[in-house]
Amino acid sequence: MTDRIALNTQEVAELLKVGKNTVYDLVKRGEINSYKVGRKIRFALSDVEAYIEKSKSIQSVALPPNDQESRIENQPPQIDSIPNDLVICGQDIILDVLSNFIEHQSNGLRVLRAYTGSYSSLVSLYYGKVQVATAHLWDSDTGQYNVPYVRRLLPGIPTIIIHLVYRMQGFYVAKGNPKNIQTWTDLKRPDITMINREKGAGSRVLLDENLRLLGIDSRTIKGYRRESQSHLAVASAVGRGAADVAVGNEKIARQVDHIDFIPLQKERYELVIKKEDLYLPSIQMMLEILRSDEYKNEVIGIGGYDVSEMGNIVAEI
């Protein structure tokens, strides 16, 4: 699906949060696929995603396959944490920046990243396989973000929710919005084909909750069962005309050509930890960084985020 999205070396470096020289080294070692256009090196987005997937297994942070989501209640996700390491779940680039800040300011602490959706992130925290989960899960019954899901998915475990950022969720549509897609009800139109996020992603939950409220059967929506693992991939599909619409956050819309963004809902993107871990040195360092002007300014510089409540403890459950 993403084979035709060509990235240059700088774009790959930004996606991986490494320097360009590191990307060249990965190419030389054959760890990431590339091709040449004249004398220029180019990368397919699917190859970059494949490298990220391979890196997860190298770091022993393997996730349950999406088609086994229904079996999560019966068996823990296969995520192995390493003693004295900090594992942070979530897919947003600001978590990579946070990981870098923690490693630079710590004395030998290694931060591992698990690029999982919100639902699986909370389940992993429940099983004690990660220390920091992230979530942006909207509950249509209460109108709340995250708190109802933390209560359900971590029963009996005292937890703390720490605000990270506000983000805007909405539709990715083709430039100029030629099909005039504006509301959730437009998704059931026969001339509209969507591309969906995987089960457990916050964007997928937002979609499903709104479909439930409107009484729309997902089976009537063209493309509903076609899934992809990232905001970037679904936005790229819309940008090249492989789909008419997808749900995602505003930040990615600024990075992909030939699409517009239709805002729908402001969401809370938050960190979840176990209360027993609050005073661990690594968690205290993370909180200090979140509340620092240096990290906030870094996030503001990326663009597309509201940091007004960053680092605030918003709930103890």
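Taking residues in region 287-308 that are on the phi > 0 side of the Ramachandran plot, and partners anywhere that are surrounded by fewer than 17 Cβ atoms within 10 Å (Cβ to Cβ), the pairs with Cβ atoms closer than 8 Å and at least 6 places apart or on different chains are Gly303/Arg254; Gly304/Arg254. Which residues, counting only those in region 182-204, are closer than 18 Å to Ala237 by Cα, surrounded by fewer than 21 Cβ atoms within 10 Å (Cβ to Cβ) and not basic (Lys, Arg)? Hits for region 182-204 are Asp191, Ile192, Thr193, Glu198.
Applying a threshold of 7 Å to beta carbon distances and a minimum spacing of six or more residues, or different chains, the list of pairs starting in region 216-230 at a residue that is small (Gly, Ala, Ser) and ending at one that is part of a loop (DSSP other than H, G, I, E, B) reads Ser218/Tyr224; Gly223/Thr193; Gly223/Ile195; Gly223/Ala243; Ser228/Met1; Ser228/Ile195; Ser230/Gln91. Note on region 15-52: residues that are open to solvent by 60 Å² or more (accessible area, probe 1.4 Å), of a type in the set (D, E, K, R) and touching a residue at least 24 places away in the same chain (Cβ under 8 Å) total 3.
Could you say whether any residue in region 115-128 is open to solvent by less than 50 Å² (accessible area, probe 1.4 Å), of a type in the set (A, V, I, L, M) and out of contact with any Leu (no Cβ under 7 Å at 6 or more places or on another chain)? Scanning region 115-128 turns up no residue that is open to solvent by less than 50 Å² (accessible area, probe 1.4 Å), of a type in the set (A, V, I, L, M) and out of contact with any Leu (no Cβ under 7 Å at 6 or more places or on another chain).
Conditions (1) of a type in the set (Val, Ile, Thr); (2) closer than 22 Å to Gly117 by Cβ; (3) modelled with pLDDT of 95 or more, marked per residue:
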residue	(1), (2), (3)
Leu207	no, yes, yes
Tyr224	no, yes, yes
Val234	yes, yes, no
Ala237	no, yes, no
Arg268	no, yes, yes
Met286	no, yes, yes
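Considering region 219-232, and only residues there that are in a helix (DSSP H, G or I) and touching a strand residue (DSSP E or B) at 6+ places or on another chain (Cβ under 9 Å), the residue that is surrounded by the most Cβ atoms within 10 Å (Cβ to Cβ) turns out to be His231.
The values are calculated or read from the model by the stated rules, or taken from the named source; none is laboratory data. Note that the structure is predicted; figures quoted are calculated from it, not measured. No Cβ is skipped: glycine too gets one built from the backbone with ideal geometry, and neighbour counts run over all protein chains shown. All accessible areas refer to the heavy atoms of the entire protein, side chains included, with ligands and DNA or RNA removed. Shrake-Rupley method; radii C 1.70, N 1.55, O 1.52, S 1.80 Å.
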